[in-house]
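Student: The following block contains the structure, expressed as structure tokens.
Please treat every number below as a calculation from the coordinates, not as lab data. Nothing here was measured: the structure is a model prediction, and the numbers come from that model. Backbone-built Cβ (ideal geometry, glycine too); neighbour counts: all protein chains shown.
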Amino acid sequence: MADTLTITDNRTGKTYDLPITDGAIRALDLKKIKTDAPGDTGLLTYDPACMNTAACRSCITYIDGDQGILLYRGYPIEQLAEQSTYLETAYLILNGELPTGNALQDWTYQIMMHTMVHENIKKFMEGFTYDAHPMGVFVSTVAAMSTFYSDGKLIFDTDRRKLQILRLIAKTPTIAAYAFRHSIGRPYVYPDNDLGFTGNFLNMLFKMTELKYQPNPALERALDVLFILHADHEQNCSTSTMRGIGSSHADPYSALAGAAAALYGPLHGGANEAVLRMLQEIGSVANIPAFIKRVKAGDGRLMGFGHRIYKSYDPRAKIIKKTAYEVFEVTGKNPLLDIALELERIALEDDYFVTRKLYPNVDFYSGLIYQAMNFPSDMFAVLFAIARTVGWVAQWEEMLLDTEQKIFRPRQIYAGAGHRDYVPMAKR
Ligand code: ACO
């Protein structure tokens, strides 16, 4: 029989035919495979870290990890990085199609009209200590936004939902820039909506006493490309967190704060900060062989290498490497580049990395660009969060409108103590 899976349960001798759809069986179909043993509620799949479990159907992002292909709504990431802008890509990710000229103009206007944050958010942010990590500030402030926009709870009201999406995409750069200015003790800069999305972000970060900030076009474009590359990446750790929190019907600010918290970790969005620390620790090309030896012995990881899905060169890493050279033409070469290039060369020839299919990921070169553009390393994950905001909200909306979805609730295999009676303190 075509497109079915026949399973024989050797415990009972019974045979089951399970339909295969889109290369998957439904885990719930396994529930009918059971014995007469008391407490047997049917067969489970055991999949720690969801290594081989699809939790949703999605039409947003396609990845072929073996071939290094990444498509947003069908469009290759290379073409978007070359020809699109972040806001146009954001429209595509959210709406499924590229905008017409008028639609893009309207979308850009709407986003730029929502860049200001409530003055009390500014005051609230002033309460953080001077050395607070900007990502911690970002996560907390996004969570606090739920208290400013109580209509955020109306997640099934289409207009209100669209409004929160606009607010989130428009205001995360403002919050990020305030977090940065706070960390260096400079006054916050209000948005300048004459500038584009990314140009205005640079304005809010770097404006000093000049009347009007003029972003360097090459750096503005490079940052815009980096935002495009980070806009979505299907069901990664932070996006799954967004969907997971959103599945309880929490407001999108609370859900997005959770997603950003997941991104904060060094195995996810914190990796490019870790790459830079690693390059600084290595210090010179001469120290690379000893470093690689340590990694191979299990003492630490080569940060910026390896990916759960890509088992070939991450297509984003290729574009970022090219962008790095364009940025260095303006800023001068980042001295850590030589170490990174040599590290990559050696690792790509080394059996340990080759057999495990460990290639540079999106984070390997992005930190070098950000550093050359004068971002401190603790801002790197925040930049990632700005770009990923559209992916998070698009995936959240898709989840909300998917009639198959319910509150996220995985099963477990209980491996603890069996039933036992409470022991009074005196008898322990
Ligand atoms: N350096 C050295 N060895 C590595 C690395 C690395 N960067 N990544 C994986 N390995 C090894 C593991 O030790 C393991 O080896 P073993 O089979 O001998 O035990 C094998 O490769 C498989 O690794 P896993 O940890 O099982 O792979 P997983 O898919 O769980 O991890 C991850 C993926 C977390 C990205 C991992 O490769 C890693 O830690 N990389 C460094 C951190 C990083 O760059 N993260 C950014 C990811 S991209 C993003 O989130 C935007």
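Student: Please state the Cα pair-distance histogram of the chain with 20 angstrom bins from zero: what percent is in each bin?
Tutor: For the chain, the pair-distance distribution reads 23, 51, 22, 3, 0.
Student: Something else: Take the alpha carbon atoms of region 368-428, find their center, do the same for region 310-324, and report the distance between the two centers in whole angstrom.
Tutor: One Cα centre to the other: 26 Å.
Student: Going toward the positive end of the dipole of the chain, with +1 on Lys and Arg Cβ and -1 on Asp and Glu Cβ, which of F364, A261, A179 do you reach last?
Tutor: Among F364, A261, A179, the one farthest towards the positive end of the dipole of the chain is A261.
Student: While we're looking at this one, here's another question. Roughly how many debye, to the nearest 20, is the charge dipole of the chain about its Cα centre, given +1 on each Lys and Arg Cβ, -1 on each Asp and Glu Cβ, and no other charges?
Tutor: 1300
Student: Near K153, which aspartates and glutamates are there with a Cα under 13 Å away, not counting those fewer than 8 places off in the same chain?
Tutor: In chain and number order, the partners are D251.
Student: Report, to two decimal places, the Cα Rg of region 1-46 normalised by 2.2 N^0.38 Å (N = number of residues).
Tutor: 1.20
Student: Moving to a separate point now. Would you please give the residues with an amide H less than 5 Å from that of Y359, counting only those at least 5 places away or on a separate chain, with H modeled from the backbone geometry?
Tutor: Here the answer is G306, H307, since their amide H atoms fall under 5 Å of that of Y359.
Student: Here's something else I'd like to know. Just want to confirm a number: the relative contact order over region 271-372, from Cα pairs under 8 angstrom separated by 6+ residues, in percent. Before the final figure, lay out each step's value.
Tutor: On the way: 115 pairs, mean separation 46.4, N = 102.
Once normalised by length, the contact order is 46 percent.
Student: In addition: Just add up the charged neighbours of R161: K/R +1, D/E -1, any other residue whose Cβ is under 13 Å from the Cβ of R161.
Tutor: Values: positive: K153, R160, K162, R167; negative: D151, D157, D159, D251, E397, E398.
Combined, the nearby Lys, Arg, Asp and Glu give -2.
Student: Over all directions, how big on average is the projection of the convex hull of the alpha-carbon atoms in region 271-372, in square nanometres?
Tutor: Over every viewing direction, the Cα hull of region 271-372 projects on average to 5.9 nm².
Student: May I pose another question? Hey, which aspartates and glutamates would be in cross-link range of K293, C-alpha to C-alpha under 18 Å, not counting anything within fewer than 8 residues on its own chain?
Tutor: Correct list for K293: E281, E342, E344, E349, D350, D351.
Student: If you don't mind, there's one more thing I want to ask. What is the fewest-to-most order of W392, W107 by other Cβ atoms lying within 10 Å of their Cβ?
Tutor: Ranking W392, W107 by Cβ neighbours within 10 Å, fewest first, gives W107, W392.
Student: Another question about this same structure. Are any of the pairs K321/K357; K162/K207; K31/K311; K171/K322; K31/K406 more than 23 Å apart by Cα-Cα distance, and if so, which?
Tutor: The pairs that break the limit, which is 23 Å between Cα atoms, are K162/K207; K31/K311; K171/K322.
Student: Would you mind giving the average projected area, over all directions, of the Cα convex hull of region 333-428 in nm² with one decimal?
Tutor: That works out to 14.7 nm², a quarter of the Cα hull's surface.
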